[in-house]
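The structure appears right after this line, and notes come after that.
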C-alpha cells in the first residue's frame, strides 16, 4: 500500500511534487501538446487548496547537461493558464538560489524547478547520491504524481523517497493510473483483447509475453508485424525486420498455440515503394508476401473487417502503439479506423496508452469515449509486465516505515 494525499497533513508544509511535464515544445518555445500538464493540475490544485507550498519538479527531453533548449520555463507559463494562478520559475533545481526562493514561499504558492536532467545524477543516481538528498532537503513532504516516469529508477522517482519516511505519497494522477490499469488489465473482464503496434519487437518483448498470458486475443500490428511475418517465412520486402528477434517471435507463436490463444496479424497490407507519402502504393494479401522494392505502411481494409467482430465483442481492450506509419496521411487510415472501433466499444473497459495512439484518438475527437487514457505508454507496458513500478515500490517502502 502507498500513502495518498488525504493521509498527510500538508497545511503550511513545503511539498515537493514529481510531475511529468515532458511535453513536446517547438524551437520557438511553444508547447504542442499540454495533456500531461493538464493531467497534473488536479493534484497541484488539491495541494494549493490544502495550503501547501507547492514545489514542482520534472524532466524534459534528453539534454546533455544544462541545455536551455530543454528548459521547463514554457511549462510554468502554460500551467499558470491552466490553474489560473501565478507559477514562479527558478533556473535550477538545487542550490542556494532555489533554497532562497523556497524560503520566501507563502501558503498556496507554486514554484517550478528547472529540468532535473540538467544533472546527470537524475538518470544515474549512483554517480552522485547527494543529488537526491539535495532535492529532499527542499521540502517536508514528497508526492509522486509522474506516472509517465514511475518505471524509471531515477533520483527524483525512486531514490528520494528514502528521505521521506512516512511522508511520501502518491498524487491523484498516479493513483488513478494504477487503479485503472490494476483493476482492468491485471484482473480483466473477458474477453480481453490486447492490441500492440509500434516499431520494434525488442522493446515490447516482455509485454508481449505478459499479454499472451493475460489476454484472450493478442493483435499485433505496426512494423513489428513484419518480424513475425518473417518468422513464419513470409516475404517482407524492404520492411523493417529485427533479425535478432525472429527466434523470440517464433517462441511467442508456439506458446500461443500451446495455450490455445489467438494471435492476429494483418491479413492485407498497404505497401509503398518508398518510406514517404509520394511512393507507388498498392494493397496486397499478407500471404502473398511483400515484394522487393516495397515496404509495409498500413493495414488494409480486409484486416479491419477481420478484427472488427473480435474487438467489438471484447469486455476489456488495451491498445498501445500505431498500426501503420501514422505520421504520413495516406497511411494513417488504419490507425484512425482502429481508434474509432475501440472508442465505439461502449460495453468494454478501454485503455489506450502511447503518444501516437492518443494522437489518433484526438484527431478523431474520440478521446472522451475511452475509459482510461494513460499518460505513460512505457510505464503502462511495464506495469502490465511486472505488476508494479520502481517509483511505486519506493512509495510503498516509504509508507511501511510509518507502520
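The values are calculated or read from the model by the stated rules, or taken from the named source; none is laboratory data. Since the model is a prediction, treat every value here as computed from it, not as a measurement. Positions of Cβ are backbone-derived with ideal geometry, glycine not excepted, and every protein chain shown enters the neighbour counts.
Mind listing just one residue for me: the one in the range 28-37 that is within 15 Å of the chain's Cα centre (by Cα) and modelled with pLDDT under 95 and, of those, surrounded by the most Cβ atoms within 10 Å (Cβ to Cβ)?
36
Which residues, taken from the range 45-74, are buried (at least 19 other Cβ atoms within 10 Å of the Cβ) and in a loop (DSSP other than H, G, I, E, B)?
Residues satisfying the conditions are 50, 52, 58, 59, 60, 71, 72.
Of the residues that make up the range 8-27, is at least one assigned to a helix (DSSP H, G or I), modelled with pLDDT under 95 and within 18 Å of the chain's Cα centre (by Cα)?
Taking every residue of the range 8-27 in turn, none turns out to be assigned to a helix (DSSP H, G or I), modelled with pLDDT under 95 and within 18 Å of the chain's Cα centre (by Cα).
Where in the range 75-190 are there helices (runs of 4 or more DSSP H), lying fully within it, with 3 or more residues that are farther than 30 Å from residue 347 by Cβ and in contact with a strand residue (DSSP E or B) (Cβ under 9 Å, 6 or more places away or on another chain)?
96-103
On the given criteria, is residue 375 at negative phi, touching a helix residue (DSSP H, G or I) at 6+ places or on another chain (Cβ under 6 Å), not assigned by TED's automatic domain parsing to the domain that holds residue 275 and not in a helix (DSSP H, G or I)?
Answer is yes for this residue.
Against the definition (surrounded by 15 or more Cβ atoms within 10 Å (Cβ to Cβ), at negative phi, more than 24 Å from the chain's Cα centre (by Cα) and in contact (Cβ under 8 Å) with a residue 12 or more places away in the chain), how does residue 285 come out, yes or no?
No; evaluated as a whole, the condition is false for this residue.
I'd like the full set of residues that are touching a strand residue (DSSP E or B) at 6+ places or on another chain (Cβ under 8 Å) and in a loop (DSSP other than H, G, I, E, B), limited to the range 315-356.
Passing the criteria: 315, 321, 323, 324, 325, 328, 332, 345, 348, 354.
Checking residue 161 against (1) surrounded by fewer than 22 Cβ atoms within 10 Å (Cβ to Cβ); (2) modelled with pLDDT of 95 or more; (3) on the phi < 0 side of the Ramachandran plot, which single condition isn't satisfied?
The single condition residue 161 does not satisfy is (1).
May I ask you to say which residue of 359, 394 is closer than 30 Å to residue 171 by Cα, out of contact with any strand residue (DSSP E or B) (no Cβ under 7 Å at 6 or more places or on another chain) and assigned by TED's automatic domain parsing to the domain that holds residue 156?
Just one listed residue meets the conditions, 394.
Among the residues in the range 396-403, are any touching a helix residue (DSSP H, G or I) at 6+ places or on another chain (Cβ under 7 Å) and assigned to a loop (DSSP other than H, G, I, E, B)?
no
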